[in-house]
Amino acid sequence: MRSPDVIPSGSEGPGREGHEARTSQPHPPRSLAPARDDSRLHPYVQLRALDTLWFQVAGTLCNIECTHCFISCSPRNHSHEMMSLADVQRSLNEARELGVREYYFTGGEPFMNRDMLPILEATLKQGPATVLTNGMLLRPEVCRRLRELFDASEYSLDIRVSLDGFDAASHDAIRGTGVWDRVMIGLRNLAGAGLNPVITVTTAAEGVASGEGRARFLDIIRGFGFDRPRLKVLSLFRIGAEEKRTRAYEDWERLNAESLSDEEASVLQCSSCRMVTSKGVYVCPILIEEPAARMGDTLSETLRPFQLRYGACHTCWVDGVTCTT
Ligand code: SF4
Ligand code: SF4
């Protein structure tokens, strides 16, 4: 059903654009046991229900090259290619049969995809949609069309825009010179169309996890005229570009079956999602560069358990990550 995401409704929500970090941890980091060589010890997650479907709709192509991007997107990264409306429609048809409840679009930068608006139009005929964007291509005519799509659908349309600092200096240190100014224009255009975005901030932004930091971000968002600001704080994964910016996962940063019960695994987002890319269907939005995380060509081929053997899985559990809004 449509959720009240257009101005003036909305509020600060729960916390790649897309992977929430909990500031308080309901799950203590109980999985810090020493690494075992035997990969059979890594736990499996069952697919409870396919509720959330992600599309890597812009592949790994992006108009910028953030230093923390966990899939190293860039204008030159063709690891995953753009998806066409026909590509997406095939999976939408299958998703309808499988009872998928909501749809997310990411990249790369989704608005680099020329089919993005028709793709949203098709998606909004069967469920709520969220687009994760860096905010640089939110031109007035794009925002107007997004508003029209929202108004024409019985389902909600959310736009998530990334910020990585409180000002141009901190944001552009991660995202590139001049990006802050472009995003500010994009946010004003969204406001002009009456669309209230979710602002996402990664923990790369210093101080964001504190109450004071969150309040400061909420003030920035209010400054655009969004009187009910929505903010989501995202975890960083030590893969892709982020691995080079900080460090790689260490061997002990893995889950093992002794530290994660089946019940506990059932709260991970991979127990209810899959990611469609130009190269097939992957377990989740995070592991699209892991060959073993590709589970099949179609959604129905991926309705089976997945072994949580990656460092990123450790972050998901310890930080309680969810990429949904
Ligand atoms: S805007 Fe998003 S997808 Fe593009 S490089 Fe930055 S983090 Fe990666
Ligand atoms: S990275 Fe996270 S979402 Fe992906 S399979 Fe591992 S635990 Fe699940």
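The values are calculated or read from the model by the stated rules, or taken from the named source; none is laboratory data. The structure presented is a predicted model; accordingly, all values stated were derived computationally and were not measured. Don't worry about glycine lacking a Cβ; one is built from the backbone with ideal geometry, like all the others, and counts go over all protein chains shown. Remember, those area values only see protein heavy atoms, side chains included, never the ligands or the DNA or RNA. Shrake-Rupley method; radii C 1.70, N 1.55, O 1.52, S 1.80 Å.
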*Could you tell me whether T298 is among the β-branched types (V, I, T), over 20 Å from the mean Cα position of the chain (by Cα) and surrounded by fewer than 22 Cβ atoms within 10 Å (Cβ to Cβ)?*
yes
_Condition met for S74 (open to solvent by 20 Å² or more (accessible area, probe 1.4 Å) and modelled with pLDDT of 95 or more)_ = no
*Just for the stretch 301-322: of the residues that are part of a helix (DSSP H, G or I), more than 19 Å from I71 (Cβ to Cβ) and within 11 Å of ligand 2 (Cβ to nearest atom), which one is least open to solvent (accessible area, probe 1.4 Å)?*
W317
*Could you tell me which residue of the stretch 200-231 is nearest to I288 (Cα to Cα), considering only residues that are touching a His at 6+ places or on another chain (Cβ under 9 Å) and of a type outside the set (V, I, T)?*
A204
*Select, from E65, E141, the only residue that is within 13 Å of ligand 1 (Cβ to nearest atom), at pLDDT 95 or above, out of contact with any His (no Cβ under 6 Å at 6 or more places or on another chain) and over 17 Å from S278 (Cα atoms).*
E65
_Condition (residue is closer than 27 Å to L163 by Cβ and under 15 Å from the mean Cα position of the chain (by Cα)) applied to the stretch 74-93: is it met by at least one residue?_
no
*From the options Q89, Q46, residue that is within 16 Å of ligand 2 (Cβ to nearest atom), surrounded by fewer than 18 Cβ atoms within 10 Å (Cβ to Cβ), among the polar types (S, T, N, Q) and modelled with pLDDT of 95 or more*: Q46
*Residue among L236, L231, L218 that is under 22 Å from T322 (Cβ atoms) and within 16 Å of ligand 2 (Cβ to nearest atom)*: L236
*Which condition number in (1) open to solvent by less than 10 Å² (accessible area, probe 1.4 Å); (2) at pLDDT 90 or above is the one that L260 fails?*
(2)
